[in-house]
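K.L.:
My questions all concern the structure below.
The values are calculated or read from the model by the stated rules, or taken from the named source; none is laboratory data. Computed from a predicted structure; not experimentally measured. Don't worry about glycine lacking a Cβ; one is built from the backbone with ideal geometry, like all the others, and counts go over all protein chains shown. Just so you know, the surface numbers come from the protein's heavy atoms only, side chains and all, with ligands and any DNA or RNA stripped out. Shrake-Rupley method; radii C 1.70, N 1.55, O 1.52, S 1.80 Å.
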Amino acid sequence: MFQHDVIIVGGGLAGLRAAIESSSLVDTAVISRVHPLRSHTKAAQGGINAALGNAVEGRDDSPDKHAFDTVKGSDFLADQDAAELMTRMGPKCVFELEHWGCAFSRTDEGKIAQRPFGGAGFPRTCYGADRTGLYLLQTVYEQSVKRNIKVYQEYLVTSLIVSDGSCKGVIALDIKAGELVPIVAKATILATGGTAWIYSISTNSMINTGTGMALAYRAGLALKDMEFIQFHPTGLYPSGILITEGARGEGGYLVNNKGERFMERYAPKAMELAPRDIVSRSIQREIDEGRGFQNAYVHLDLRHLGREKIMTRLPGIRELSLLFASIDPIEKPIPVRPAAHYTMGGIDCNPECMTALKGLYAAGECACISVHGANRLGGNSLLDCVVFGKVAGQKAGEFARALSTGVDAHVVRSALDREQRRIEAFKRGNGNEEPSILRDEVRIILTEKVGMFRSGMQLEEALDQIRKLRARSLRLRPVNLDNVFNLDLIRTFEVEAILELAEVITASALARKESRGSHVRLDFPQRDDENYLKHTIAYYTPTGPTLAFSDVKITHYEPEARKY
Ligand SMILES: Cc1cc2nc3c(=O)[nH]c(=O)nc-3n(C[C@H](O)[C@H](O)[C@H](O)COP(=O)(O)OP(=O)(O)OC[C@H]3O[C@@H](n4cnc5c(N)ncnc54)[C@H](O)[C@@H]3O)c2cc1C
């Protein structure tokens, strides 16, 4: 058994930022299923938002204007107190990263460079070429090394230790040894990232399977607003690998098979820089109505930007296009289509990152502090990670420092025994179902029936199919008995999580009978503030989620129609 004051599950941007903060108060450790530098944050490309006003056209920017853009972009579902907190803390948190040595691109005056991004009134997105996530992650990792923060790397957390209404730590699988270990703590932070890989066309990496959200859900915590899955407009065709919004921020155009810049039809003012939900839907409409290429994609044209701009501002995009589509964007347009990208929903918590379980906090993409509502603005997620990572680290550290009691050995033993029995059941198996087949089937169901455009009938069908897959998942074949790096065992844990989250996403989408942000119901095409200006809350039961609704916090901005 290992013991710390604060443990953080997740070594991405949110987790490491939290660790830096809490380690200044108490003994802190990070647990991650991969080496922290392999966390998905490293794939973030375009940048991080903060109202610095460094660009000439951005001099009038302010945290209040950033908050308004965030709330409007969210289709008014964001909790406005949380959005205001994030945008107010933004500049300080970005300067902190700069002072820690983050390799931001620079203006001619030597300030942090900022580019335009969708739904933003000003160029507000601070960037390091098109590798911002990598630079940010390296920066916080260096700071964690400097502070000697212990990292349990290649440990998969499978459950929480809960006793007397408090979280006492976690049970984790040491992937290298194949052993379950309790890691107990006075406070635990979940920073396990997103879950958009559970769609078959996705910009996410394979580790984004939602095991962190699922373990909170199974422990009785609410998952909030899970129906809101963001589809990024420009996934590279056919792989889905992301082509950053920064490519449009730098001036890239979207073009259909008639050579038209079709965004003129859908968002005549903002054009390619409308919020992501609008641009994604516009692309899909062009494809569905026969104005795409091969009925499958449209073109993102960067050629007019010229070689030098592409090589300096978008070198990673050029490399990805060459490697995965054999296209050099200096010479040819890039084939793109929407791909599942981001989970606006997640573990329900307040702006202090506290969940309903004492001693348990959440931050980053796995959390739903409700800053993104029904649609996240590009560049706001990295900001969410650093701001609320810092808040979570501080709050968890203070909580742990004030707590003198330890954990009862009996509680730990019984949590460990329960997980041991779970693994034994996987190893014995009681059927012949193949986890990877169940996983692939559910990913396709989500893409086809719970995608950008949804209807009651399709959602009912999807729910029924997902439930059948869940029933089949009770009859899995025996898991491979190896101890060392048993990927078969990990996939089995993952398939449980994927099926549970797929059910929550679909049931929540079915319950929301309106269209808002990323959630478009063809049978309920209007936004309905009277009945659905509310968060969807899902609680675990063995037979599927029970749903409830909770109020949205409005401070300054009354809901209005969105025009771009
Ligand atoms: C391709 C791509 C590009 C993006 N570009 C941008 C951008 O330019 N700007 C922006 O604002 N946002 C961007 N985003 C979104 C943003 O990158 C993510 O939301 C953010 O990086 C998530 O950070 P995180 O710390 O919450 O999670 P992650 O970085 O995903 O880290 C999750 C951590 O949790 C660990 N973990 C997960 N489950 C377990 C478990 N059960 N046990 C142990 N450890 C576990 C993992 O090992 C990992 O260390 C992009 C997203 C994608 C997919």
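K.L.:
Among the residues that make up the stretch 432-441, is at least one of them β-branched (Val, Ile, Thr), out of contact with any helix residue (DSSP H, G or I) (no Cβ under 7 Å at 6 or more places or on another chain) and in contact (Cβ under 8 Å) with a residue 60 or more places away in the chain?
P.N.:
no
K.L.:
Does Arg439 satisfy the condition of being in a helix (DSSP H, G or I), open to solvent by less than 50 Å² (accessible area, probe 1.4 Å) and either more than 23 Å from Thr203 (Cβ to Cβ) or not hydroxyl-bearing (Ser, Thr, Tyr) (or both)?
P.N.:
When the stated conditions are applied, Arg439 passes them.
K.L.:
For the stretch 508-549, name all the residues that are part of a helix (DSSP H, G or I) and open to solvent by 10 Å² or more (accessible area, probe 1.4 Å).
P.N.:
Within the stretch 508-549, Leu510, Ala511, Asp529, Glu530, Asn531, Tyr532 qualify.
K.L.:
Take the stretch 340-370 and flag every residue that is more than 18 Å from Ser22 (Cβ to Cβ), of a type in the set (A, V, I, L, M, F, W, C) and in a loop (DSSP other than H, G, I, E, B).
P.N.:
The answer is Met344, Ala356.
K.L.:
Right, another one. Name every residue in the stretch 9-39 that is surrounded by fewer than 24 Cβ atoms within 10 Å (Cβ to Cβ) and near the ligand (Cβ under 7 Å from one of its atoms), in order of residue number.
P.N.:
The one that is surrounded by fewer than 24 Cβ atoms within 10 Å (Cβ to Cβ) and near the ligand (Cβ under 7 Å from one of its atoms): Val34.
K.L.:
Now for a separate question. Keeping to the stretch 458-487, report how many residues are assigned to a helix (DSSP H, G or I) and free of Cβ contacts under 8 Å to residues at least 12 places away in the same chain.
P.N.:
5
K.L.:
If you check Gly364 against the conditions, is it buried (at least 22 other Cβ atoms within 10 Å of the Cβ) and either under 23 Å from Thr139 (Cβ atoms) or within 16 Å of the ligand (Cβ to nearest atom) (or both)?
P.N.:
So Gly364 fits the description; yes.
K.L.:
Name the residue, out of Gly121, Gly133, that is under 19 Å from the mean Cα position of the chain (by Cα) and either surrounded by 22 or more Cβ atoms within 10 Å (Cβ to Cβ) or under 17 Å from Gly53 (Cα atoms) (or both).
P.N.:
Answer to the check: Gly133.
K.L.:
Mind telling me which of the residues Ala103, Ala113, Ala129, Ala83 ends up being over 30 Å from Asp482 (Cα atoms), in contact with a His (Cβ under 9 Å, 6 or more places away or on another chain) and not polar (S, T, N, Q)?
P.N.:
Of the residues listed, the single one that is over 30 Å from Asp482 (Cα atoms), in contact with a His (Cβ under 9 Å, 6 or more places away or on another chain) and not polar (S, T, N, Q) is Ala83.
K.L.:
Taking the stretch 444-460, which residues are touching a helix residue (DSSP H, G or I) at 6+ places or on another chain (Cβ under 6 Å) and among the charged types (D, E, K, R)?
P.N.:
The answer is Lys449, Arg454.
K.L.:
Confirm whether Ile48 is over 28 Å from Ala113 (Cα atoms) and open to solvent by less than 10 Å² (accessible area, probe 1.4 Å).
P.N.:
No, not satisfied.
K.L.:
Among strands (runs of 3 or more DSSP E) lying entirely in the stretch 165-249, which contain 1 or more residues that are within 12 Å of the ligand (Cβ to nearest atom), in contact (Cβ under 8 Å) with a residue 40 or more places away in the chain and under 24 Å from Val298 (Cβ atoms)?
P.N.:
Strands (runs of 3 or more DSSP E) meeting the threshold: 229-236.
K.L.:
Could you run through the stretch 371-415 and say how many residues are within 23 Å of Phe117 (Cα to Cα) and either free of Cβ contacts under 8 Å to residues at least 60 places away in the same chain or not in a helix (DSSP H, G or I) (or both)?
P.N.:
The number of residues fulfilling the criteria is 9.
K.L.:
Also, I was wondering about something else. Hey, any hits in the stretch 492-507 for a residue that's open to solvent by 70 Å² or more (accessible area, probe 1.4 Å) and either out of contact with any strand residue (DSSP E or B) (no Cβ under 9 Å at 6 or more places or on another chain) or part of a loop (DSSP other than H, G, I, E, B) (or both)?
P.N.:
Taking every residue of the stretch 492-507 in turn, none turns out to be open to solvent by 70 Å² or more (accessible area, probe 1.4 Å) and either out of contact with any strand residue (DSSP E or B) (no Cβ under 9 Å at 6 or more places or on another chain) or part of a loop (DSSP other than H, G, I, E, B) (or both).
K.L.:
Among the residues that make up the stretch 137-154, is at least one of them in contact with a strand residue (DSSP E or B) (Cβ under 8 Å, 6 or more places away or on another chain), part of a loop (DSSP other than H, G, I, E, B) and open to solvent by 10 Å² or more (accessible area, probe 1.4 Å)?
P.N.:
Checked against the condition, which is being in contact with a strand residue (DSSP E or B) (Cβ under 8 Å, 6 or more places away or on another chain), part of a loop (DSSP other than H, G, I, E, B) and open to solvent by 10 Å² or more (accessible area, probe 1.4 Å), the stretch 137-154 yields at least one hit.
K.L.:
Can you tell me which condition Thr355 does not meet? The list is (1) more than 16 Å from the ligand (Cβ to nearest atom); (2) crowded, with 17+ Cβ neighbours inside 10 Å, and all the others hold.
P.N.:
(1)
K.L.:
Condition (residue is in a strand (DSSP E or B), among the β-branched types (Val, Ile, Thr) and open to solvent by less than 20 Å² (accessible area, probe 1.4 Å)) applied to the stretch 314-321: is it met by at least one residue?
P.N.:
no
K.L.:
I would also like to ask the following. Here are some conditions: (1) part of a strand (DSSP E or B); (2) at positive phi. Val157 meets all but one. Which one does it not meet?
P.N.:
Every listed condition holds for Val157 apart from (2).
K.L.:
Follow-up question, since we're still on this one. In contact with a Gly (Cβ under 7 Å, 6 or more places away or on another chain) and within 14 Å of the ligand (Cβ to nearest atom), is that true of Val140?
P.N.:
no
K.L.:
Among the residues of the stretch 80-98, what is the count of those that are open to solvent by 10 Å² or more (accessible area, probe 1.4 Å) and either within 16 Å of Gly364 (Cα to Cα) or among the aliphatic types (A, V, I, L, M) (or both)?
P.N.:
Residues that pass the stated criteria total 2.
K.L.:
Please verify whether the stretch 420-432 includes one or more residues that are at pLDDT 95 or above, assigned to a helix (DSSP H, G or I) and under 18 Å from Met89 (Cβ atoms).
P.N.:
No; the residues of the stretch 420-432 include none that is at pLDDT 95 or above, assigned to a helix (DSSP H, G or I) and under 18 Å from Met89 (Cβ atoms).
K.L.:
Which condition breaks for Ser473 when tested against (1) in contact with a Pro (Cβ under 8 Å, 6 or more places away or on another chain); (2) within 23 Å of Cys368 (Cβ to Cβ); (3) buried (at least 17 other Cβ atoms within 10 Å of the Cβ)?
P.N.:
Result: Ser473 fails condition (2) only.
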